[in-house]
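Rule-based calculations on the coordinates, nothing more; no lab input. Only a predicted model underlies this, so the values are computations on that prediction, with no experimental measurement involved. No Cβ is skipped: glycine too gets one built from the backbone with ideal geometry, and neighbour counts run over all protein chains shown.
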């Protein structure tokens, strides 16, 4: 069973981190970082997503097979977006 | 699992409550449910992933139009909705925790709070949709390309992505609220025990996934080149 009961403190810490991440994303969006704006925004989003998956979705406390499933979803997403963009970026369309 | 246990099941008192006969024990049954749910969530990742890929391609092709179009979205409402959704993920996680430690009343309370926050999200979303409707920014024949000057036609592409992506996300929220109503009713009936609350936990996985999608939608749609 899901015997692992996550301490309340952990949930509230993650919640605080997600809220702080949201505030930071908005703050950073209004600073001029050139092409880094998108990179920073996506990095913060990825960290927030990781926190949700590991703690709220209990993957941190789940079986190795659950890790493999979650990682597979991420891997195929990266392949789909990465290879598509590599294609478009090398066609000289933009 | 459900109240409609078969006569065959009742004839086998050795089985724990809620255990289907083809599983060894509740732990194995729970693990199977969790993996099945994750397999479903992967298909959801790929489903939304296709839209994110299309978005990436067109944003790369028309960066200026996407920036202009994005500036017509309301950052304050978008940020509020992000906070509301993260809050609902917290209450969902807490509801499952209460089931794990076998507390009935706070479990129902957190589930209702999750539903209220989900409904708040949809309410704010509909206010935003209404603004776009009034401003003629709904893709279709009514779309006012003149708002964006020469970038008008490409800005319309941004709004197509905006409405399809947030619309499908909102649809997932509606489905989530339906699941929550069902799960809250079961929780109120006392279905979930520390040893067996698989349905509650799987609904939680779905709810958190919908939150995940929004975590990426928010910066990609609302926050493009805001410093400009």
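So what is the calculated 222 nm ellipticity per residue for the protein assembly as shown, using -39500 (n - 2.57) for each DSSP H run with n of 4 or more, over all residues, to the nearest 500 deg cm²/dmol?
Only helices count here, giving -25000 deg cm²/dmol.
Once both axes come from the Cα atoms, what is the angle between helix B:198-222 and the longest principal axis of chain B, in degrees from 0 to 90, rounded to 10?
10
Could you list log10 I(q)/I(0) for the stretch B:86-148 at q = 0.27 Å⁻¹, which the Debye formula gives when each Cα is one point scatterer?
Each listed q corresponds, in turn, to -1.00.
How big is Rg to Rh over the stretch A:1-72, alpha-carbon atoms, Rh as the Kirkwood inverse-mean-distance radius?
1.09
Tell me, rounded to the nearest percent, the portion of alpha carbon pairs in the protein assembly as shown spaced more than 35 Å apart.
27
Which residue, B:106, B:141, B:153, tops the fluctuation ranking in a GNM of chain B built on C-alpha contacts under 10 Å?
Comparing B:106, B:141, B:153 in the GNM, the peak value goes to B:141.
Counting only C-alpha contacts under 8 Å and six or more residues apart, can you give the relative contact order of chain A as a whole percent?
It comes to 24 percent, rounded to a whole number.
Give me the percent relative contact order of chain B, please, defined on Cα pairs under 8 angstrom at least 6 residues apart.
Reported as a whole number, the value is 29 percent.
Just to verify a number: FRET efficiency for residue B:47 and residue A:75, C-beta to C-beta distance, R0 = 22 Å, to 0.05?
It comes to 0.85.
Using just the alpha carbons, could you tell me how many Å³ per residue the convex hull of chain B encloses?
134
Testing the spin-label approximation: label points 7 Å from Cα along Cα→Cβ at residue B:185 and residue B:164. State their distance in nm.
So the two model labels end up 3.5 nm from each other.
For B:128, B:24, what ranking results if the residue with the fewest other Cβ atoms within 10 Å of its Cβ goes first?
Fewest to most other Cβ atoms nearby, the residues stand as B:24, B:128.
Kindly express, to the nearest 10 degrees and within the range 0 to 90, the angle between helix B:104-134's C-alpha long axis and the longest C-alpha principal axis of chain B.
Helix B:104-134 sits roughly 20 degrees off the main axis of chain B.
Classify the stretch B:24-132 from the C-alpha gyration tensor, please: rounded if a/c falls under 1.5, else prolate or oblate depending on whether a/b exceeds b/c.
Oblate, because a/c is 1.5 or more while a/b does not exceed b/c.
Is the stretch A:43-94 rounded, prolate or oblate when judged by the Cα gyration tensor, a ≥ b ≥ c being the square roots of its eigenvalues, rounded requiring a/c under 1.5 and prolate requiring a/b larger than b/c?
In terms of gyration-tensor shape, oblate.
Over all Cα pairs of the stretch B:97-228, how is the pair count split among 10 Å bins, expressed in % and running from 0 up to the last occupied bin?
Result returned by the calculation: 11, 33, 25, 16, 10, 4, 0.
Quick one: B:72, B:21, B:196, B:227, fewest Cβ neighbours within 10 Å first, how do they rank?
Ordered from fewest to most neighbouring Cβ atoms within 10 Å, B:72, B:21, B:196, B:227 come out as B:21, B:227, B:72, B:196.
What ranking do B:25, B:191 get, fewest neighbouring Cβ atoms within 10 angstrom at the top?
Exposure proxy ranking, most exposed first: B:25, B:191.
Kindly express, to the nearest 10 degrees and within the range 0 to 90, the angle between helix B:152-188's C-alpha long axis and the longest C-alpha principal axis of chain B.
Helix B:152-188 sits roughly 20 degrees off the main axis of chain B.
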